[in-house]
Every structure is written in structure tokens, then in C-alpha cells.
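Quick note: the coordinates plus some simple rules give every number you see, no bench work behind them. Owing to the predicted nature of the structure, the values given are computational and were not obtained by experimental measurement. Here the Cβ is made from the backbone with ideal geometry for all residues, glycine too, and neighbour counts use every protein chain on show.
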Amino acid sequence: MNLGFTAPGFLLLAFPAIGFLIFAYLNRGQAKRQFVSSTIIFKQLKNRPNVREKVKLPWRFFYELLLLTLLLLAIAGFYWQSPGKYWQVIIDNSLSLSAVADASSSRNILALNIAQLKNDRQDRFKNLSGIKVCLTAPSFQCWSEGFESWEAVSSKLNNIPAIPANDSLESVLGSLTIAPKVNLTIYSDYLSNSRQSNNFRLSTVRTGELGNLAITEIISRPNHTVSVGIQAFVSTPIQKKVKLYSLVENSKGLEVAEIKEANFKANPEEKVFVDFKIFNNIRAVIAEIDPAGISSAIDAISADNISYQVINQQVSAAVLLVSKNSLAESGLEAVFPGKLKLLSPEEYQAVPEDAQKYSLIIFDNYIPSKFPSSNHLIVASNAEPGVLETTLQRSPKITSWDKESSLLRYLSPDNFSFKNVWSAKLPSWFQPVITSNNQTILATGFQGPIRSIYWGFPLLPLEKSNNQALAILSLNAFKWLEEESQSPLSFQGETLAYVLKDQQLESEKINGNWELAAGIIQSVSENKVNFIAKNFYSEEESNLLAVRKIALPILTRNSDKSDLINTNPNLNQLIWLAWLMLLASFFIWRKGKAKA
Amino acid sequence: MPLPESFTPQLLRQLELQQVKARKAFLGSRQGAHYSPKRGHGIEFSDFRQYQPGDDLRHIDWNLVARSERFYIKRFREEQDLLVHLILDNSASMFNPGAAKWNRVVELALAIGYLSSMQQDRLQLAVPGHFIGKKYSGKNLVYKLADDLNLVRSNPTVTFDADLKLSFTATNFPGVAYYISDFLDDPEKIKANFQTLLARNLDLRVIQVLTPEEKLPQIGTKMIAIDSETGQEVPLEVTASSLVEYQKAFNAHQKDWQEYAYQRQIAWYSCDTSEKLADICRSVLGVSK
């Protein structure tokens, strides 16, 4: 029998409590001075109890001592376990565990981990008295409060799905307290970077890097175009095919109307966009990396090869200005009448994903932390560094002028006399348009279908600008940004990410708290049919190039407390017993008094 | 001062149907409702006496003269009032553990006073330390009595026995005496007091007023009982068996007093403060008319 306390510090309360009880008892035992009308009768009594009464134990004292002990045990979290070997198991069943372990095997890491668990049971826990299994996904949860028999657990082990997890194993373990006496094994794809012991170890079958392809997002563009974002977590360049299923809405729901496919090339760790033209009446699209010819060596996880997107109704175009100044001060309202919306840099930082709703974003004296997924113009004069870093040039001298650029139509270098300009080191996909002292101060670029302009000198306020050349340049820039649109700035879409496969639906049956599987979900409210795309892409799960290491939870020395093992099953019973005894003593006391 | 709340119209009506009746005839000072040993005017025939010069000729029984040829005077029992003595114990024990005992004493005293008032008797009060032989009579007797008793407080310094004797030194007319106390004092002292009263040829009636706690004290573990009058301390270890022992001792105490009273023709009544006043009056005070 293993006995212990989860909070032994509370036992220190025993000293003052017992002291108080003894004091109270002794005080109660002291003779009480009481006035009586006459002592004539009392004088006739024998003043000492007879022998039988003398040896009678002060039962009430011991009763109260017992009651106090019960309460203290409850507070200190007294527990006991029958002798035997108990095994605590944490199985990491996050999505990355669905990766095929190596090219030679068709089994995923989770299945191999489960097999390893069964082997461990045979080798190390032959005389197993109880096992407690906890899963990390969708959120950390154990199958039972206490320990179960191996027979009860073994049949369920084969049905554990690898699904997206809300919390990483690292964060889960970081919040746990584990006692040294606990036999704990963690089955994961993490490697341990801390010392392991016999009864406390992290087990994994994964040994090295794994390649993986994932669809990260689908972006619907204004000109009836969708861009499929594909991230290649591979170590060598690849060339594969992606399919796009276009769905139309009819009385039955959604139906595939067209299937398109396109090849894509991606370098190691590169993100590429593949554009597809779609019909006007398309309601949703499904993008899938063609599985044909893909080996597990370059795509270990198949679950992230598909993504869903809903094409919402046509909306009017919108332009977002991210500026500290007001709309009126910008002078842009005349250029984009009724289409302009203003956000402060702080507001934009709070909801950067909202940028996808806009067909054009103008950053005025503000450099975002990453390039948005819409066409954009970054006016970087005197701005804090973000995705770009700028350098101030005083009294600049134009050193190159791209005559071919459509931005410089109707303009010549003589039209410009800059006082200060800000040059920037730009990514390779930018083309310089104007350079000063051989540093780029105006550039255009394509990132997939997204157009970018870097603008290294003041643009706004547009209306008050005395420099007409700047006004022409800005109009040229806006025109270039909208150039490809037949109906400019006309569509709005949502960006969605990862998808769940059918097998993950099983998680609903196991855990009962999985809200919705990934896919396109049809919902009807107020006789209106809506479609919602749900995906669960996570770069952390899909990126298998990095071999992740994790520190085991810190063992709590000098303590039996463990968050994992429910060592305190008797707490409630103890408290209830103490209360019942307290109630009983109250009634006995009342009855005794009434009798008197 | 108005009468206590316990003097309800029902109780007063009940008292009006009762009367204090002495067990023997006492000489009164004026006409009343009690037979007196004095011969004279009255309704009830007493005896004959030979005529002596100076007797009223109207009292000669002429029928007897005709039969015996001697002169005899017809005599009748005279009806006179009664002097009711009230002796109230106001020692500290009557005010301990609360005033319940003294309040009950006052109620009983007022009930006796009310009866006396109804019978046109006189009442003489003895409360040691406060009143020594104060007399009351007339219709307002009971209210005057209530006023006076309201002033009475416990006075542990008073010498009860001395005051009691002093109270009866000036008493010319014996009568019915109600002695109300808890009688939990030294028995010898109480007996001496009884002797003083009996020596005055009183029709002595004793009313013992106790509290329920005195009949059966509450259970404690250890206690030191302090006598409220003498301050004497008695250490006790009260257990269930000692309570039984207490009851036995108490019953023996009561029985001793009852036998003592019976032997000396003292009427002994015992009541406790939890009993209803009407019930006590019915059993203790007088008889129904």
C-alpha cells in the first residue's frame, strides 16, 4: 500500500489544531463556577465519580480528534494506492504524428509509437497493475481519472487518430508537475534533449528529417482567379501537380463542375502560388496536391495536401489605407471615391488577416511586419523597420531610371527633385524602377499573383502636393496595381488553411468534443444557405524538416504530487465523512442537552 | 402599581370563588366572615349561660325559663375578621439563579392579599429587612401590597430569623400565616422559625417555591456550586449517577419536611416556577366557597 499526501505542507496545521483542541478540552474539563440558590442538597453528594466513571475515556475528545484528523487528511490530500506497478502514458497524437516514418515503411509515426508502447508493456511492465493513457490532441485529456486494466486500454490503442492539436506537446508538458516515483512514458515525434531515467522517458521512432508538401491557403482574387499557396518543406527542388475542383451550388448542395490541374515547381522551403481561372458562379473550390507519383520521402503527411475555400458573393472593390493621418488629409478620397477605408497601423497589426478583404492596401509611412496577400503599395518614408529596412539618403541623385516601366509613363528624371529619399534592400522578386546612388527608392514586384510597389519618398498628402510629377507617378502606380483586373477590385475571399481527412472524424467518437471536421460545411439560417470552409493548417505540424527537441517536465523533488496521476481519489469521501461526523456530534450534543 | 400580567380576569374570578378558611377560630378585631371564639351577636347558636345581674334581658331564653323555672341566657358565635400573616423569604436564594422564584412569591402573596381583600380580612406583612409587621386592610389592600412588594430587593445582610421574631412580637391577634420560601436553608434554622410561629398559635401554612433546576440540575462535567447566601463553595463532579444521587437527596429532603409539617399540623405545599399560577392557587390557597 502506497500512502502519501498531495499537499503535505498542510499537515503542519495539525500542531496548532491539536493544541487548540487539547486546550479547549482542558478548558471544558475545568470546573465551572456556578451560583446556586443553596448547596444544601449538593453537600450530600459524593464529589467524586465512581470507579467505572473514572476509567471512562473522554470519548468526545477522541471523537473530535478523529474528526480533526479526517479534515486535516482531506486538506493535505491523503491518498493511497494498492501495491503494484502503475504506468502513466502520454501519447502525442498531433497531426505531425501521421507522417510516414521513413520511405521504407508505410506506417505512420503514431502507429509505430503504439507498437513501441505494446513492446514496452511486454518488456518493462509485465506485472502491470494499471495503466493511464492521456492523449495530447485535440487537447490534453486522459481516458480515465484513475488507472485502468491493460485489457481495457489495449483495444482502444489501435483507434487513436492523429489530429490537429490545440496545444503543442511542449506547452502541455511545461504545465505538468510530475513526481519522480511515477512511471511515465511519453510517445511522440519529439526527441528528448534532457536526461532520461528508467521510469521516466520519452520514446520516439522518428530519427531524422522528413519531407512534406502542404497547401497552406487558397486565396480568391478579384479577376475570377484563385491562388493556391503550396509550401514545400523539402530539401531538394520538386516539380509536382496540383488539382483544383470547382464546385457550383445546386439543389443538392455543392457539385463539382470543373477540375483543373497545373504543375508547380518549388525550391527547398519555398512557398509557391498556383493561379487558376474559375467561372463566375463557382461557390467553392477544393485544392489538392496530386498524389500520383509522390513518395513519402517528399510528402510524409498526406492530410495537409488538401484545402477548401468558399467563394463569397461579389462585393464592391475596397482600398485600405494604413496611415496615422485622416482620410481627408491623405487626399486619396478623390482617387478612390467610396472605396477607401482607413486603419491606423495599430489597428492593422491587430487584424492583419483582414487585409485579404481589400484589393489594394496603401501603407503610408508604415512598413508592415510581413507582406500582405493583396496588392499593396508601401510608402516607406521615415517609417519604422518592418518586413523591410530603409536607409535615409539626403540630397539624393538619381542613378538609374527604368524607361520601360509603366509607372514612369509621361515622366522623366528631370521632373523630380527629391530632398530626402529612403532606399531599401528588397527581396529578389522586386524590380528596381528608380535608384538613387545605386540604391532602390522605387521598385515593383510580383509575389505570385500579388503586386507590390516599394515607394521610398513621401506620397501623401496627394492633393496638396505641388509636385505634379509625383501625382502622375502615383496614378501610374495605382493603375499598375489594378491593371490585370477586368473588373477591378471586384471579389473578396477568405484564406483558409489545412484540412482534416475522414479518419479524423473518428476523433469525435473517441473524445466527443471535436467540433467540426475539416471541409466545406453547409449551414442554413433564416432560409439562407451558407457555406463555411474549415481547415486546420499549422506550419508547426506540417514542417517536418526540423527535428524538434523537447525538455522533459521537471521532476518535483521531495513531493509526491503529480498532475498526471489522480492520487487523491479519497479526498471527497474524507471530507464527507468528516462532515457527517460533525453533524452526528452536533445532534448527539443537542440530544444530551435536551435530556439533561 | 398594577397587578402582574399573570392576574388575568379568569384568575381573579377563580380567586373570588375561593376563601381562606382558618382551621381554628381566631379572635378578630371587628366583624367579619370567620367564626370567632368570642360569644355574642351572631347567627349560629353557641350555648346557654346562667343569667347574671347586668345581662341584657332580651337574651333570656324564655322557653327554657318556662321549662326549668331558671333563667338562662342564649349565646351565639360571633363572626369576626381574620388576620392573615404573610411571611416572605427575600433571601439571596430567592433571587438566584434568576428572579423567577421571587416573582412567583410576589404573585402568591398578591393572590393571598386579593383573597383577604375579598373577605374583608386584615393582612400583616413580614419581609425581613423591608417590612416588619406592616398591616393592610380595605379594598385597596392588594394594590398597596403590590406597591410595597415592588420595592423589595434581596438583602443578604439581613438577619432573617431576628426580623421574623421581631415581626411577631407586636402581633396581638393570631391568625392564618402563610410562610413562603424555598426552604433550602439550614433545617435547624427553619425549624426554629417554625417554632416561633407555632408558639404564636398561628394556623401555619408553608408554601415552598422551587425552580425546575433545583429539582434536577443541568448536566455538567465539573462544577463548583457556590451558595448564593453563604458563598460556600462545593466542588462537584456531576455525572449521570450523581444526578440520580441528587434526586434521591432532594426527595429525602422534601419528605423530611413534609413529615415534620404533618407532625406539627403545618400545612405544607410545594410548587415550582414552571407551574401555572392558577393551578397553584387552586391547590394551595384556601377552599372553594
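Key figures for this structure:
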| item | result |
| --- | --- |
| B:122, A:451, B:67, A:221 arranged by Cβ crowding within 10 Å, fewest neighbours leading | B:67, A:451, B:122, A:221 |
| Burial ordering of A:478, A:233, fewest other beta-carbon atoms within 10 Å first | A:478, A:233 |
| Per-pair calculated FRET efficiency, R0 = 35 Å: residue A:280 and residue A:389 via Cβ, rounded to 0.05 | 0.25 |
| Rough spin-label spacing in nm, given labels placed 7 Å along Cα→Cβ, for residue A:431 and residue B:199 | 14.7 |
| Inter-label distance for residue A:196 and residue A:344, nm, one decimal - labels placed 7 Å from Cα along Cα-to-Cβ | 5.3 |
| Kyte-Doolittle mean at least 0.5 and Cα axial length at least 24 Å: DSSP H helices in chain B | B:100-118 |
| Under 11 Å, Cβ to Cβ, from residue B:193 - net charge with Lys/Arg +1 and Asp/Glu -1 | -3 |
| DSSP bridge pairs, the range B:202-289: antiparallel proportion in percent, nearest 5 | 45 |
| Most mobile of B:234, B:106, B:209 in a GNM of chain B (Cα contacts under 10 Å) | B:234 |
| Dipole of the range A:213-297, positive end: most advanced residue of A:268, A:232, A:279 [Cβ charges, Cα centre] | A:279 |
| Residue B:33-residue B:249 FRET efficiency (beta carbon distance; Förster radius 45 Å; 0.05 resolution) | 0.55 |
| Estimated inter-spin distance, residue A:467 and residue A:265, nm [label 7 Å along Cα→Cβ] | 4.0 |
| Nearest-20 debye value, the range B:128-276 charge dipole, Cβ charges on Lys, Arg, Asp, Glu | 740 |
| Theoretical gain in end-to-end length, residue A:549 to residue A:580 [0.36 nm per residue, Cα-Cα removed] | 6.0 nm |
| Over 21 Å (Cα to Cα) - which of A:243/A:265; B:189/B:255; A:260/A:357; A:397/A:419; A:403/A:479; A:132/A:549 fall in this group | A:260/A:357; A:132/A:549 |
| A:98, A:344 arranged by Cβ crowding within 10 Å, fewest neighbours leading | A:344, A:98 |
| Neighbour net charge for residue B:32 - beta-carbon separation under 10 angstrom, K R +1, D E -1 | -2 |
